[in-house]
Amino acid sequence: MDLDEIKKAWNSFDENLAQNLNVDDEKLRKDSIEKTEDQMDYPYKSEWVELIGGGIVAAAVLIMSIRLIAEPKFFIVGLIAVIIGIVYMRFSYIIIGMMKQIDYYGMPMVKLQARVAHVKRKILRFRKIQLWLFPLYLLPLIFLFSKTVNNVDLFAHLELLAVRSIGYLAVTYLAVYLINRHLYDKRFASIEKLIERLKEFEKE
């Protein structure tokens, strides 16, 4: 093999190597984008569950309130729960809309990072509002269910209301904390790492 043939073989090897590297980089980039989309899918589905579940609960509470319209105190607390439930549903509707607007494959990584960060901030803001409102949402439900299911007027048994409220609030806040940590905090931390990796591909 003469020198020219060696040079041609070497150049061909370089070209094949570069092509293989480009293919590997593109595959890694695609895999990272798919993982980013998959991680975001968990909060997305969770918001749909909250939207649909919130609608079912609001409808049930409204029906119970109407049935107790002859007793204004129960009707009023029922309406309070329905209004707060609608606020919760509105939050989920907004988040779902924001998530649906994210274009994982056609959006520059810097813009994708900014969009995800904006969604994260919005979710955290809504979560804070929801946690503050939750006692005003739970207490009417306790009043209504006790009256409807057990025929117990908790307005006349405030000590029983206090015991039930403390227990329900403790369990619910723990559940909300664990759900937020698993479905949101960990997912968004993973998404942020994946996007940083994708930004490196974009620079290259």
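Return, ordered by residue number, the residues of the stretch 87-102 whose backbone nitrogen is under 13 Å from a label point located 7 Å along Cα→Cβ of His118. The answer is 95, 97-102. Three principal axis extents describe the C-alpha atoms of the stretch 53-117; from largest down they are 59, 15, 10 Å. Residues Lys128, Lys147, ranked from the fewest to the most other C-beta atoms within 10 Å, line up as Lys128, Lys147.
Listed by Cβ neighbour count within 10 Å, with the fewest neighbours leading, Thr148, Thr36, Thr172 appear as Thr172, Thr148, Thr36. Here the gap between Val149 and Glu196, fully extended at 0.36 nm per residue and compared with their Cα-Cα distance, gives a gain of 11.6 nm.
Sparsely packed loop sites in the stretch 87-195 (the chymotrypsin sites (Phe, Trp or Tyr not before Pro) outside DSSP H, G, I, E and B with at most 13 other Cβ atoms within 10 Å) comprise Tyr105.
Cα extents for the stretch 83-204 along the principal axes, largest to smallest and rounded to whole angstrom: 70, 23, 20.
If R0 equals 35 Å, the separation of the Cβ atoms of His157 and Leu62 corresponds to a calculated FRET efficiency of about 0.90.
Read-outs throughout are calculated quantities, based only on the coordinates presented, and are distinct from any laboratory measurement. Remember, predicted model here, so these are calculated numbers, not experimental data. All Cβ positions, glycine included, derive from the backbone under ideal geometry; neighbour counts span all protein chains shown.
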